[in-house]
Amino acid sequence: MTKPLDLTLDRTAKTSLAEQIRKGVTRAIEDGVLEPGARLPSWQDLAAQLGVARGTVRTAYEKLAAAQLIEASRSTGTRVAQQPRAVKGEAPLDAGLFMETYRDMTRGPAFFKMGVPAVETFPATLFARIRALAVRGEASAPPAYPDPRGEFELRREIAGYLAVARGIHCSPSQLFITGGFSAGLGLALSVLRLGGQTAWVENPGFPWSRKGLELAGLTLAPVPVDAAGIDINHGLRHHPEAKLALVTPGQQAPLGPTLSLARRLRLLDWAAANRGWVIEDDYLSELQLAGRAAPALASLDRDGRVIHIGSFSKTISPTVRLGFLVAPPDLIPRFAEVTACLAPAPAPSVQLATAEFMREGHYMRHLRRTKRAYAAKRQALLDCLRPALGADRVAAPGLSVLLKLPEETSDIAVAREVLPFGMIPSPLSAWYASPETAESGLLLGVATSPAKNLARVCDQLLDAIQNKRG
């Protein structure tokens, strides 16, 4: 249903009612209250709402259309034009530097975009059919509040998957369905209540996770990463007071090393001895292209100090906004309370569709096909870039290819340079906690690497790097 316009008419004013309506709609568009594409009431409906003649509203709409502020269609109705006039002399609302960077790194679709799966590898028609059945079932069911922890069918399927694929033996009662990794992180931080404490974070590491910890009131303690993963000894020496560690042990994001067994055990010993907590971001899950994926850190946890978070964003799609969290047994009641009051699971239909997708074996088959496709894409990308840059400047961590740039080359400038060519590489420097420790480089998402004209796209990227040197 279209939201009524908040228009106030002054019938004693010298300005005609049609002109007042025109000015009111124009102001709403220019102020951003009505965004491009927003649907307006029909002139008949708006006339009834305002208590004026239909011809009055029709005249106002005709003037708005002539000014190219709105457009009318029999099939889609009357909508705000996609490119309404800007307000002269007025700056756009500032959402802050963080949101500006967030939009830059998440816009798309585009080549080399990280964090999203390839469209061509997913059985979209099959999943859409399963989801349509789930939506119909949800619509016909008696109205009732669903389980805030998530649908039992999906929690049961995920528990079985984790036992086989990630070495985690947990019960469905330990699983909580979330709206993706970020929602799972927010849920965990709400439960742990560590505001004012110190948290170890990988350096470099996922920028949004660092920001999430800051928003939760934690003090960040960046810990360097080497070939064996996060340096636990460094954390112990420089930040022994920490109560939380946020890690990507399966394949470190973005550099790619797997956390060594010795460091895993050291991290778990630290958490148990200091009553600390470890949040495991299993962002790649089974999508590790070199050999079999290492078992999850949570599979080694015997003291209940690890909170394991996964999602379906990179395996199904980020549009489903679906993830999961495995809670230590002692924290199950607290997680249940927080989900019920603050963070209930997403809509049942997408959960039930995903459960069916897993139950019928489609999910595991999809992962096997995807790994083969991504391995081929990664090799093709390496074959294009290594001859031009040299093997020492091109690495292949996780689902990305890393181009190491000279210190004098701004990776952010290169990333902006190639935007008009439909590329969104991720600047490596943005993953570091401070400019002093940052290195320059570009992370190219393998999943969104072009299937056609790869050599031409790589040439455009290499030209942009050359143009920005010095």
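Read-outs: derived from the displayed coordinates by stated rules, not from any lab. Not measured: the values here are computed from a predicted model. When we count neighbours, we look across all protein chains shown, and the Cβ atoms used for this are built from the backbone with ideal geometry, even at glycine.
Where does each of 131-143, 261-273 land if you order them by average Cβ count within 10 Å, highest first?
261-273, 131-143
Report, by chain and number, residues whose modeled amide H sits under 5 Å from the one on Val446, excluding near sequence neighbours (fewer than 5 apart, same chain).
Ser400, Val401
Identify the GluC sites (Glu not before Pro) of region 294-365 meeting these criteria: DSSP loop state and at most 16 other C-beta atoms within 10 Å of the C-beta. Write out the running numbers ahead of the final one.
On the way: sites: Glu337, Glu356, Glu360; in loops: Glu360.
Hits after loop and neighbour filter: Glu360.
Quick check on the chain: of the DSSP beta bridges with both residues there, what percent are antiparallel, nearest 5%?
DSSP beta bridges in the chain are roughly 55 percent antiparallel.
What do you get for the angle between helix 332-341 and the principal long axis of the chain? Use alpha-carbon atoms, 0 to 90 degrees, nearest ten.
The helix 332-341 is inclined about 10 degrees to the chain.
Determine by what factor the alpha-carbon radius of gyration of region 124-360 differs from 2.2 N^0.38 Å, reporting the quotient. Kindly include the intermediate steps, with their values, before the conclusion.
Details: Rg = 17.7 Å, N = 237, 2.2 N^0.38 = 17.6 Å.
For region 124-360, the normalised Cα radius of gyration is 1.01.
Can you list the trypsin sites (Lys or Arg not before Pro) in region 169-248 that are in a DSSP coil and have 12 or fewer other beta carbons within 10 angstrom?
Here the trypsin sites (Lys or Arg not before Pro) that fit, given the DSSP loop and packing criteria, are Arg193.
Determine, for each peptide in 161-173, 422-434, the mean count of other beta carbons within 10 angstrom over its residues, then list the peptides with the highest first.
Result, highest mean Cβ count within 10 Å first: 422-434, 161-173.
With an 8 Å Cα cut-off and a minimum separation of 6 or more residues, compute the relative contact order for region 17-80 in percent.
Across region 17-80, relative contact order equals 42 percent.
Give the long-range amide H neighbours of Thr78: residues separated by 5 or more places, or on another chain, with amide H under 5 Å away, using H modelled in the peptide plane at 1.01 Å from N.
Amide H to amide H, under 5 Å and 5 or more residues apart or across chains, Thr78 pairs with Leu40, Ser73.
Show me, for region 406-417, the HN-Hα J-couplings you get by feeding each phi into the Karplus relation (A = 6.51, B = -1.76, C = 1.60, θ = phi - 60°), rounded to Hz, glycine and proline as x.
Along region 406-417, the couplings run x, 4, 7, 9, 7, 5, 5, 5, 5, 4, 6, 5 Hz.
Let me know the Rg and Dmax you get for region 17-80 when you use only its Cα atoms, in Å.
Every Cα atom of region 17-80 included, Rg and Dmax give 10.7, 28 Å.
Which three numbers, in whole Å and largest first, are the semi-axes of the equivalent ellipsoid of region 334-470 derived from its Cα gyration tensor as √(5λ)?
Ellipsoid semi-axes (Å, largest first): 36, 22, 13.
So what is the relative contact order of region 124-360, in percent, for Cα pairs below 8 Å that sit 6 or more residues apart? Could the numbers behind the result be given before it?
Values: 423 pairs, mean separation 70.9, N = 237.
Once normalised by length, the contact order is 30 percent.
In debye to the nearest 20, how big a dipole does region 17-80 give about its Cα centre with +1 on each Lys and Arg Cβ and -1 on each Asp and Glu Cβ?
Details: 9 positive and 7 negative charges, 39 e Å.
That gives region 17-80 a dipole magnitude of about 180 debye.
How large is ³J(HN,Hα) for each residue in region 375-382, as worked out from phi by the Karplus curve 6.51 cos²θ - 1.76 cosθ + 1.60 (θ = phi - 60°), to whole Hz, x for Gly and Pro?
4, 5, 5, 5, 5, 4, 5, 4
Helix 348-359: angle to the longest alpha-carbon principal axis of the chain, degrees 0 to 90, nearest 10?
40
For region 25-37, take each phi angle, set θ = phi - 60°, evaluate the Karplus expression 6.51 cos²θ - 1.76 cosθ + 1.60, and give the result in whole Hz per residue in order, putting x for glycine and proline.
5, 4, 5, 5, 5, 5, 7, x, 5, 9, 8, x, x
Which order, highest average first, do 150-158, 51-59 follow once you tally other Cβ atoms within 10 Å for each residue and take the mean per peptide?
Per-residue mean Cβ counts within 10 Å order the peptides as 150-158, 51-59.
Could you work out, for the chain, what percent of all Cα-Cα pairs fall into each 10 Å distance bin, beginning at 0 Å and stopping at the bin that holds the largest distance?
Binned Cα distances yield the sequence 4, 17, 23, 23, 18, 10, 4, 1, 0.
Quick one: which residues, 5 or more positions from His308 or on another chain, have an amide H under 5 Å from its amide H? H modelled 1.01 Å from N in the peptide plane, none for Pro or chain starts.
Correct list: Glu280, Val326.
So what is the calculated 222 nm ellipticity per residue for the chain, using -39500 (n - 2.57) for each DSSP H run with n of 4 or more, over all residues, to the nearest 500 deg cm²/dmol?
-12500 deg cm²/dmol
Could you give the length gained on full extension between Thr12 and Glu439, defined as 0.36 nm per residue of separation minus the Cα-Cα distance, in nm?
This chain segment gains 147.1 nm when fully extended.
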